[in-house]
1. Do you know which residues across region 103-141 are over 16 Å from Glu91 (Cα atoms) and either free of Cβ contacts under 8 Å to residues at least 12 places away in the same chain or not assigned by TED's automatic domain parsing to the domain that holds Thr93 (or both)?
2. Among the residues of region 236-245, is there at least one that is crowded, with 19+ Cβ neighbours inside 10 Å and closer than 25 Å to Ile154 by Cα?
3. If we keep just the residues of region 212-249 that are outside any strand (DSSP E or B) and touching a Lys or Arg at 6+ places or on another chain (Cβ under 8 Å), which is farthest from Ala305 (Cα to Cα)?
4. Would you check if there is a residue in region 264-279 being surrounded by fewer than 18 Cβ atoms within 10 Å (Cβ to Cβ) and within 43 Å of the chain's Cα centre (by Cα)?
5. Name every residue in region 55-111 that is assigned to a helix (DSSP H, G or I) and of a type in the set (D, E, K, R), in order of residue number.
6. Within the set of pairs 6+ apart or on separate chains, which have a first residue in region 279-302 that is free of Cβ contacts under 8 Å to residues at least 40 places away in the same chain and not assigned by TED's automatic domain parsing to the domain that holds Leu266, a second that is assigned to a loop (DSSP other than H, G, I, E, B) and of a type in the set (Asp, Glu), and C-beta atoms under 7 Å apart?
7. Could you grab me the full set of residues in region 250-263 that are more than 18 Å from Ser308 (Cβ to Cβ) and either among the hydroxyl-bearing types (Ser, Thr, Tyr) or surrounded by fewer than 15 Cβ atoms within 10 Å (Cβ to Cβ) (or both)?
8. For region 46-76, what are the residues that are surrounded by 16 or more Cβ atoms within 10 Å (Cβ to Cβ) and either among the hydrophobic types (A, V, I, L, M, F, W, C) or modelled with pLDDT of 95 or more (or both)?
Amino acid sequence: MNHPNSIPVRVKSSAPRQRPGFTLVELTVSLVITSTLMVAIGASIVVASHAIPNGKETTAATLNVSKAIDRMVEELQYARVIVEKSSSVIEFTVPDRSGNSIDETIRYEWLGMPGDPLTRQYNGGPLLTIIERVKSLDLGYITGTYSKQMPSQISSETLLSSHVAAGGTVTNDINSTWSMGQYFTIDVVPVEATDWAVTRILVYAEIQGPDKGVTSVELRLPDDGNMPVSAQLDQQEMRESNLTASAQWYECQFTNVNGLPTNTGLCIVLMWVSDANSATIHFDENAGSGLLSTSDGGLNWNLDAQKSLNYYAYGTFTTPGAIVDAYALYRVDIELISGDTTDFTIHASAKMLNLPEVSTP
């Protein structure tokens, strides 16, 4: 209870005094400053992001280049023939893919300037870009040396054997019972020759009758007695219509008598085909050897060692090819630096399954 004469006491509050809020002007200025800062920071982030490689783009480019090189390696592995090779070009053939029994030709080429594409060409078709920009390409070739025999060589036509009567000749007509021929061997055999072939035979003949007859000029192998066997190696016709009333050299060309061993002789056989007498044949009864004759249509033959047909036999010899050093391609190493987005290097190797031959190491 207050005393009536007491003086009132004022008590001071200890609660904090409240600060007044931002004014509208202050708030507006703050927002402007904040917006400016945010724009500046965002621009910095964009600039910085452009300086950092895009992981997705780089990965995609790398995969595309890798796929192209993988395909190149796979095709190179089956190469049969190397058509052209350098540090930036390789052209080769691979086994048939289209079913026409013809090998396919594939060419990879980089023109050599940084930024040029790597292209692929198939069977001479259009150039297709498989890698857009290439900074460098280096194709390396690993080869090995081996001994190779070159193909056999066929000589120019040469005279194999012949006989021409020094004096006059005698004649005999070819008819259904009487036929003639000549057994001969090669006069001169080259030491290196492996076999021989006949290209032409010439016989000395004339017309016998009304130029209607046909004589078969045949080449046959000899039996053990040097008589002609029944089988023909090749045959040509001699027609009386192509002969004259006086004797002339009549030529027959042959293409199917080849591969004969050098120690094997041959028989020329003149057999009747048509007309009473198909031709008149000249021979030497005073010199030579090997004259063949039959009087029973070819069932039995006789060989006269003192007489000879007038004839020329031409042909060729086969000699083995020389043995030379050759080079086989074992592997192709590929080093490619791509410049699509960022430079990166790919190394790959193609092991040659067919070991194709190349002209140089």
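1. Met113
2. Within region 236-245 (the criterion being crowded, with 19+ Cβ neighbours inside 10 Å and closer than 25 Å to Ile154 by Cα), the answer is no, since none of the residues qualifies.
3. Here the answer is Ser241.
4. Among the residues of region 264-279, at least one is surrounded by fewer than 18 Cβ atoms within 10 Å (Cβ to Cβ) and within 43 Å of the chain's Cα centre (by Cα), which makes the answer yes.
5. Selection gives Lys56, Glu57, Lys67, Asp70, Arg71, Glu74, Glu75.
6. Going by the 7 Å Cβ cut-off, there are no qualifying pairs.
7. Glu251, Gln253, Thr255, Asn256, Gly259, Pro261, Thr262, Asn263, listed by residue number.
8. Correct list: Ala61, Val65, Ala68, Ile69, Met72, Glu75, Leu76.
The values are calculated or read from the model by the stated rules, or taken from the named source; none is laboratory data. Predicted model, so just to flag it, every value in this text is computed and none were measured. With ideal geometry, Cβ positions are generated from the backbone for all residues, glycine too; neighbour counts draw on all protein chains shown.
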